[in-house]
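The values are calculated or read from the model by the stated rules, or taken from the named source; none is laboratory data. Since the model is a prediction, treat every value here as computed from it, not as a measurement. Using ideal geometry, Cβ is built from the backbone for each residue, glycine included, and neighbour counts are taken over all protein chains shown.
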């Protein structure tokens with residue numbers, strides 16, 4: 001093996017950390033809690049961005065850009081929002097450094113203190129709604145459907161690459177509507193866009209649901225999320241969509257004249273996904289050899305490794321591989337020939353497995369003589385011999401199969417690890433092995449808090465799929481009556 | 001007119017400000033010096049990004065992402081760099097707010113002071129070279145060709161939308177090489193990528209050249225730039241590419257083992273363009289009616305305005321326009337039907353002229369009966385009648401013509417406003433009318449400074465096109481001998 005990674009069985013958490021670093025996705029930076037996203041990791045993020053961006057735009061959303069900094073006073077305008085976000089954040093207090101009068105280096109210039117401190121945005125509702133106030137006068141100005149791709153900062157105490165970092169990259173949509181119904185529909189539409197994206201492109205069989213009031217976004221009246229199951233049975237919240245009611249419109253005094261000329265407060269949503277999705281991708285599909293990337297979001301879909309001893313053999317194989325590469329590219333697939341002359345084929349095989357490339361093609365002089373190549377699929381680790389003739393067609397189909405198979409495998413794992421649990425004893429023992437527990441809950445924050453205190457499990461969501469959970473029962477903890485099951489799980 | 005803008009003749013500077021705001025490109029935010037880029041402006045920036053990104057990638061560059069924050073001590077490591085950048089910047093000193101003990105709102109929590117202050121990146125050489133140190137061991141690790149799309153902050157005292165803002169969006173390439181020659185070639189390659197991009201897509205006939213030592217990037221041994229001429233004859237620096245020598249490698253101790261096993265310092269370049277390009281685009285091509293966008297980067301290339309009185313007429317025209325739209329889209333052009341029912345055609349015409357849409361199509365019942373539409377081109381303001389039959393072909397050709405014509409017009413303007421000037425008196429009078437003055441200069445910083453002091457003109461560049469300027473002569477100011485002309489101009 002090129003680079004050793006801890007096995008999942010030995011230490012799942014260490015396996016994840018090893019994989020992220022050794023597959024060249026990201027690494028810690030010298031700045032506490034901030035990561036460097038390396039080219040290979042960033043290429044995956046770019047593919048995610050492009051795919052999501054197209055999906056957003058097809059619903060009428062436009063991109064825009066709002067300031068990085070938010071005046072401190074803006075946060076105080078929405079009471080719950082400030083409680084949720086303004087506490088752990090990066091605060092800019094000065095705008096100049098000066099040469100250190102007492103030695104080498106530079107120090108903060110005390111005379112350059114800002115009149116009002118600026119907060120590095122942890123999320124942009126406040127700065128955006130202060131802007132929307134100028135954009136919205138009448139019903140004709142609505143809806144406004146804006147998204148921004150940006151960096152945000154939340155001063156997290158414990159950080160992990162992609163999963164929880166002080167700075168992260170994300171997209172945040174912020175929409176303004178004339179009616180409550182329209183805003184609620186928008187929040188639902190966007191969580192479904194996220195679910196489609198996660199399922200079809202990331203091969204993540206996510207569950208869509210409402211958050212419990214306690215788990216809502218600070219300032220939201222309803223929060224919807226997509227929840228993915230990792231291979232240790234824990235949940236990972238992979239995207240959220242919020243119905244914000246008129247909270248921000250009221251805080252920033254944003255009203256519109258309706259068709260009758262009456263002034264009304266505007267209704268809002270916001271919705272976001274982040275580089276956290278990279279963590280979900282790694283954790284959901286990876287194995288002990290490395291990443292397993294769904295072909296749709298793999299930066300390299302097919303890698304080719306020539307095997308040879310003489311220069312003549314080398315030239316002959318390269319010529320064939322070059323033809324295969326062109327044929328694959330003509331079908332819209334990305335292919336790479338790994339022709340590094342200082343590394344042995346076995347080393348290369350291990351490296352591309354580590355990096356999760358969906359299909360590997362290897363060929364040596366004997367394959368060439370037989371008019372075949374060796375094809376290896378990353379998801380199942382199977383190898384088979386395939387004629388060069390018509391190879392591009394076969395690979396095209398294979399990539400589609402791999403995409404579906406990775407999803408099917410994750411779906412089976414998820415369904416095998418969703419349990420209807422009806423007694424508190426079973427809950428306590430089940431939760432130790434991970435999984436999503438479908439339980440009755442009495443709807444109180446008190447019960448929710450006690451369950452978390454005793455088991456570290458939280459309500460991940462109240463699924464919107466009513467077939468799964470609408471049923472009468474009794475709360476798993478308090479025994480009080482309940483009308484539907486919710487999902488409890490430990491989470492990232 | 002929908003929205004009045006000042007004419008260029010009346011006040012060029014106010015014309016620019018009006019245009020940026022009224023064409024919905026950007027606006028001031030509540031945060032000092034920071035702008036909001038509105039959807040229409042951002043759509044243009046996105047097109048620029050996509051086009052440049054493809055060009056970068058075709059030279060082997062990969063994208064990555066590095067932290068927003070830079071530890072204060074990093075800046076002190078490169079002496080010129082800290083002098084150039086660390087002085088006017090946003091400084092993060094705390095990581096927490098708390099409820100105000102003396103009243104409403106929140107205040108900075110004094111107990112959450114950072115041990116070392118963090119600077120919001122004004123540019124990323126320092127954080128990137130501290131990272132490259134871990135990536136580079138041997139000649140096999142080189143070259144590294146990374147780019148990042150990011151926001152940066154420079155605490156500017158006087159700001160103007162797009163041209164000079166406290167926060168702006170940009171891309172910054174940072175490359176590492178084994179040899180000086182390779183690094184110098186890379187710096188030249190990238191400034192030429194910028195020049196091609198500016199000429200072919202933005203229709204800006206830029207001049208490529210070296211900066212004088214005084215005007216170099218802080219920490220560079222050579223700075224190349226593209227300089228565009230605005231309609232007032234002033235220069236606008238639209239992109240720069242720096243040969244950094246081994247300065248950052250030495251500051252961050254980045255060495256590689258060459259093929260003989262000897263440790264050597266790595267050679268560096270960096271290069272960047274920003275949302276300033278938006279300002280160049282507006283200023284170079286706009287007219288008194290509004291923006292004039294080159295078709296390649298226009299978010300909407302063709303807008304259609306139906307003219308009708310009755311519902312039947314309306315339906316018939318929409319049907320035709322819908323067919324035209326589909327045909328244009330099939331050719332890869334973006335088209336929009338402006339079917340707003342509350343606005344008159346004249347208002348719509350003015351609005352789309354303001355927004356610089358390259359081609360407008362209007363049609364009413366009489367046109368329909370004749371099987372024609374009225375086509376209006378934004379660049380020349382000409383109108384002509386064109387048969388619906390084959391319209392998509394005609395528009396396709398027209399868009400290409402407009403792209404070329406906007407460039408040709410800007411090129412003529414530039415060439416009409418480049419003057420060879422050989423006397424100091426002529427210099428002083430010419431510079432008042434704007435334009436690029438090709439003059440001999442004695443090569444000293446002293447003369448450069450005096451010329452700037454007396455005329456506000458600076459050396460924009462020493463053009464790489466030797467035919468234009470390699471010639472013996474005498475310095476326009478000092479009379480000392482000179483071997484080549486340089487370009488002096490006032491600038492943004």
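Please state which of the following conditions residue A:75 fails to meet, knowing it meets all the rest: (1) on the phi < 0 side of the Ramachandran plot; (2) in the same structural domain as residue A:232 (by TED's automatic domain parsing).
(2)
Across the range A:111-135, what is the total count of residues that are part of a helix (DSSP H, G or I), touching a helix residue (DSSP H, G or I) at 6+ places or on another chain (Cβ under 7 Å) and over 21 Å from residue B:27 (Cα atoms)?
Narrowing the range A:111-135 to residues part of a helix (DSSP H, G or I): A:111-112, A:125-135.
Applying the additional criterion that residues be touching a helix residue (DSSP H, G or I) at 6+ places or on another chain (Cβ under 7 Å) yields A:125-127, A:129-130, A:135.
Still in the running and over 21 Å from residue B:27 (Cα atoms): none.
Matching residues across the range A:111-135 total 0.
Give the range A:308-340 a look and list any residue that's out of contact with any helix residue (DSSP H, G or I) (no Cβ under 7 Å at 6 or more places or on another chain) and under 24 Å from residue A:400 (Cα atoms), or say none.
A:321, A:322, A:323, A:325, A:326, A:329, A:330, A:332, A:334, A:336
Residue by residue, here is whether (1) modelled with pLDDT under 95; (2) farther than 29 Å from residue A:282 by Cβ; (3) in contact with a strand residue (DSSP E or B) (Cβ under 8 Å, 6 or more places away or on another chain) holds:
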residue: A:337; (1), (2), (3): no, no, yes
residue: A:342; (1), (2), (3): yes, no, no
residue: A:345; (1), (2), (3): no, no, yes
residue: A:351; (1), (2), (3): no, no, no
residue: A:354; (1), (2), (3): no, no, yes
residue: A:358; (1), (2), (3): no, no, yes
residue: A:362; (1), (2), (3): no, no, yes
residue: A:368; (1), (2), (3): yes, yes, no
residue: A:378; (1), (2), (3): no, no, yes
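Consider residue A:127 against the criteria (1) surrounded by 21 or more Cβ atoms within 10 Å (Cβ to Cβ); (2) more than 8 Å from every other protein chain (Cβ to nearest Cβ): it satisfies all of them except one. Which criterion is unmet?
Against the list (1) surrounded by 21 or more Cβ atoms within 10 Å (Cβ to Cβ); (2) more than 8 Å from every other protein chain (Cβ to nearest Cβ), residue A:127 comes up short only on (2).
Of all residues in the range A:160-180 being under 20 Å from residue A:86 (Cβ atoms) and buried (at least 19 other Cβ atoms within 10 Å of the Cβ), which is nearest to the chain's Cα centre (by Cα)?
That would be A:168.
Restricting attention to the range B:70-84, report how many residues are assigned to a helix (DSSP H, G or I), more than 9 Å from chain A (Cβ to nearest Cβ) and touching a helix residue (DSSP H, G or I) at 6+ places or on another chain (Cβ under 7 Å).
Looking only at that region, the number is 1.
So which residues in the range B:255-275 are buried (at least 24 other Cβ atoms within 10 Å of the Cβ) and closer than 18 Å to residue B:183 by Cβ?
B:266, B:267, B:268, B:269, B:270, B:271
Please determine, by comparing only the residues of the range B:90-105 that are out of contact with any helix residue (DSSP H, G or I) (no Cβ under 6 Å at 6 or more places or on another chain) and assigned to a strand (DSSP E or B), which one is surrounded by the most Cβ atoms within 10 Å (Cβ to Cβ).
The first filter runs over the range B:90-105 and keeps only residues out of contact with any helix residue (DSSP H, G or I) (no Cβ under 6 Å at 6 or more places or on another chain), leaving B:90-93, B:97-105.
So of that shortlist, the ones also assigned to a strand (DSSP E or B) come out as B:90-93, B:97-99.
Details: B:90: 26, B:91: 24, B:92: 24, B:93: 20, B:97: 24, B:98: 14, B:99: 16.
Among those that are out of contact with any helix residue (DSSP H, G or I) (no Cβ under 6 Å at 6 or more places or on another chain) and assigned to a strand (DSSP E or B), it is B:90.
Sort through A:77, A:3 and tell me the only one that's surrounded by fewer than 16 Cβ atoms within 10 Å (Cβ to Cβ) and modelled with pLDDT under 95.
Residue meeting the stated conditions: A:3.
Out of all the residues in the range A:57-69, which are closer than 14 Å to residue A:172 by Cβ, crowded, with 19+ Cβ neighbours inside 10 Å and facing chain B (nearest Cβ under 7 Å)? Steps first, please.
Pass one, the range A:57-69, residues closer than 14 Å to residue A:172 by Cβ: A:61-68.
Of the ones still in play, those that are also crowded, with 19+ Cβ neighbours inside 10 Å are A:61, A:63-68.
Listed by number, the residues that qualify are A:63, A:64, A:65, A:66, A:67, A:68.
When residues of the range B:363-406 are filtered for being part of a helix (DSSP H, G or I) and within 22 Å of residue B:299 (Cα to Cα), how many remain?
Pass one, the range B:363-406, residues part of a helix (DSSP H, G or I): B:365-370, B:391-406.
If we keep only those that are within 22 Å of residue B:299 (Cα to Cα) too, we end up with B:391-406.
Result for the range B:363-406: 16.
Please go through the range A:439-472 and pick out each residue that is in a strand (DSSP E or B), at pLDDT 95 or above and more than 24 Å from the chain's Cα centre (by Cα). Step through it out loud before you land on a result.
First, pick out the residues of the range A:439-472 that are in a strand (DSSP E or B): A:439-440, A:458-463, A:470-472.
If we keep only those that are at pLDDT 95 or above as well, we get A:439-440, A:458-463.
Across the range A:439-472, the qualifying residues are A:439, A:440.
What number of residues within the range A:407-431 satisfy the criterion of being in a helix (DSSP H, G or I) and either crowded, with 16+ Cβ neighbours inside 10 Å or in contact with a strand residue (DSSP E or B) (Cβ under 9 Å, 6 or more places away or on another chain) (or both)?
Taking the range A:407-431 as the starting set, the residues that turn out to be in a helix (DSSP H, G or I) are A:407-416, A:424-431.
In the following step, the residues that additionally are either crowded, with 16+ Cβ neighbours inside 10 Å or in contact with a strand residue (DSSP E or B) (Cβ under 9 Å, 6 or more places away or on another chain) (or both) were identified as A:407, A:409-410, A:413-414, A:424, A:426-427, A:430-431.
Residues meeting the conditions: 10.
Step by step: first the residues of the range A:310-353, then only those that are touching a residue at least 40 places away in the same chain (Cβ under 8 Å) and outside any helix (DSSP H, G or I), then the one that is surrounded by the most Cβ atoms within 10 Å (Cβ to Cβ). Which residue is that?
A:333
Here is a list: A:21, A:31, A:108. Which entry is surrounded by fewer than 22 Cβ atoms within 10 Å (Cβ to Cβ), at the interface with chain B (Cβ under 7 Å from one of its Cβ atoms), within 29 Å of residue A:284 (Cα to Cα) and out of contact with any helix residue (DSSP H, G or I) (no Cβ under 7 Å at 6 or more places or on another chain)? Outline the logic, then answer.
Values: A:21 fails: at the interface with chain B (Cβ under 7 Å from one of its Cβ atoms); A:108 fails: within 29 Å of residue A:284 (Cα to Cα).
After ruling out the rest, the residue left standing is A:31.
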